[in-house]
1. Between S354 and Y217, what is the FRET efficiency for a Förster distance of 51 Å, r being their Cβ-Cβ separation, to the nearest 0.05?
2. Round to the nearest 10 and give me the degree value, 0 to 90, for the angle of helix 492-523's Cα axis relative to the longest principal axis of the chain.
3. Between their Cα atoms, which of K47/K247; K340/K392; K428/K474 are more than 28 Å away from each other?
4. Can you tell me the 0 to 90 degree angle between the C-alpha axis of helix 2-19 and the longest principal axis of the chain, rounded to 10?
5. Taking K and R as +1 and D and E as -1, what net charge do the other residues with C-beta under 13 Å from the C-beta of D357 add up to?
6. As a quick test, which of the pairs K166/K215; K278/K484; K273/K319; K114/K183; K276/K399 have an alpha carbon distance above 32 angstrom in this structure?
7. If you wrap a convex hull around the C-alpha atoms of segment 424-485 and split its volume per residue, what is the figure in Å³?
8. Sticking with the crude label model, points 7 Å out along Cα→Cβ, report the distance from I269 to K417 in nm, one decimal please.
Amino acid sequence: MNRILKMVSIIGLILLIINSCSALAIEEPETTPKVIHPGDDVDIWFKLNNNELLGDNERVEDVYIEIKPSYPFELIQVNPSKGKVTYNYLEDGVSKDMHFKFHVDDDARSNEYKIDVNVKYYVVRYEDGNEEYRYSRSVSRSFYVTVYGDANFELSSEGDVLTPSKTEKIPIIIENKGTGSAKQVTFSVGNTESVNPVETTKFYIGGMAASESTKTYISLHTNEKATEGSYSVPITINWIDQEGLEKQDTINLGLIVKGDLMIGISNIITEPKEIKPKDTYVRIDVSVSNNGHGEAKDINLKLITNYPFRDSWSSSNIKNIGTLTSGTSKSVTFYIDVDKEAQARHYEIPINVSYLDIFNKKHYELEYIDIYVKPKPILELESNEITIENKKGNQVLLKIKNVGNEKAENVKITAVKNTAQPFDYPTKTDSIGTLNINDSGEGLLIIDVDNGVEKQYIINLEVRAVGDSDIGDKQVYISNIPLKINVINGHSELKFIGTIAVIIIVLGSGYYLLEKRKKKKDDE
């Protein structure tokens with residue numbers, strides 16, 4: 001009998017399980033806030049209803065609820081056990097509110113994200129106050145919660161720079177760095193005191209998803225009085241977010257104004273005014289100007305001298321003039337020597353210019369100064385060393401050659417007396433006349449030596465000439481030319497006669513002795 005009753009109970013249990021049309025039910029959640037954004041802390045309530053169709057003496061016990069969120073939701077502790085809720089029993093038709101708290105990741109994109117809720121419990125039957133049997137049941141449900149990301153725009157200009165007094169097209173990149181999409185995106189370019197938009201000022205872009213970017217060109221005019229540096233141009237962006245709300249943001253677009261740099265060389269002044277071959281320490285004054293809108297710093301100049309020019313002394317033509325702001329200038333001086341064989345014509349002497357802009361970027365330029373070398377007669381001795389005797393009346397014939405590139409007229413040669421030397425000049429000046437280019441002429445000087453020591457002396461000769469009158473050159477050219485004079489002891493003619501006499505006497509004596517010996521031998 002007991003066995004039959006037990007089987008009936010089991011069959012009834014199976015029928016109860018099969019016929020139960022419902023179990024514990026989890027309803028749709030409610031959230032606070034209603035609209036969820038990245039970075040929010042969100043309270044979510046799930047309602048658990050006991051819809052079990054239980055028989056007499058049956059009830060739901062040991063209810064265990066666990067919530068399993070996926071990214072971007074992160075559980076925050078509000079229950080004794082994070083993400084878990086338990087009830088000892090749940091009466092028929094009773095509802096329980098399950099509260100959980102989440103944090104939404106700051107970088108969450110707009111999307112629907114899944115949250116799983118799992119419920120486990122037991123259905124227990126009691127008979128006469130004692131547990132007759134229990135069986136476990138479970139129910140799970142997945143919910144999708146929408147997170148609305150926000151669009152967040154950033155602007156950049158690809159490093160392009162503006163120039164004072166110019167209108168330039170600047171590419172700007174608009175990027176949605178946020179987590180939400182934007183619709184009907186437009187932007188407007190605002191005005192500033194120094195930089196203003198021209199032509200179109202409002203631009204339509206359309207929809208932009210998160211991480212999407214687009215490039216647009218805008219025309220900006222920079223005031224001619226704008227100084228170099230950083231400027232901000234206001235850009236106002238309008239869009240509609242995913243909730244259908246109109247949004248607006250104003251971003252200052254950073255731009256660089258950089259003046260154009262134009263270093264120029266001008267106002268060339270030379271001393272002497274007329275440069276000629278063989279000139280030394282020719283002074284060249286030039287003005288270095290900044291004709292651009294920018295500032296040039298650490299300006300260095302180096303004059304490059306090539307034949308027929310050379311530096312007058314070492315490093316004399318390397319200059320640093322510091323800083324030149326827009327429209328300012330400074331003077332600088334160079335010194336050069338001119339070769340004696342320089343041809344009469346214009347020469348361009350290069351100047352290497354280097355400087356830094358306001359961003360410390362180095363620039364190099366090559367400028368030129370124009371120098372005109374005029375023709376000039378240059379007179380030189382064909383031989384700069386002579387020998388005279390220690391006597392009076394030495395006649396010295398000096399040959400002068402015009403090695404310059406201009407005819408020399410009225411050429412004269414003059415010995416310059418030095419009282420410390422044993423020389424006097426009965427004829428110290430002689431006129432040579434006209435010498436064409438590469439022609440030579442002779443001048444005669446008479447030099448008296450007053451008991452001079454036998455050695456070498458150096459005297460100065462002044463050579464004077466007038467330029468070529470046919471080309472209008474009336475300048476007097478004076479050159480001081482050193483002449484080496486070797487003094488030897490005098491009376492060279494007597495020495496020569498004495499030497500001849502000695503030779504004759506020696507030869508005669510020898511001949512006499514030879515004849516005498518021959519005669520003596522014959523007598524024997």
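The values are calculated or read from the model by the stated rules, or taken from the named source; none is laboratory data. Remember, predicted model here, so these are calculated numbers, not experimental data. FYI the Cβ positions are ideal-geometry reconstructions off the backbone, even for glycines, and counts take in every protein chain you see. Accessible surface areas use protein heavy atoms only, side chains included; no ligands, DNA or RNA. Shrake-Rupley method; radii C 1.70, N 1.55, O 1.52, S 1.80 Å.
1. My answer for the efficiency is 0.90.
2. Tilt relative to the chain: about 60 degrees.
3. Table pairs above 28 Å Cα-Cα are K47/K247; K340/K392.
4. Roughly 50 degrees, rounded to the nearest 10.
5. Result for the neighbourhood of D357: -1.
6. Violating the 32 Å Cα-Cα cut-off are zero pairs.
7. For segment 424-485, the hull spanned by Cα atoms encloses 94 Å³ per residue.
8. Simple spin-label model gives 4.4 nm for this pair.
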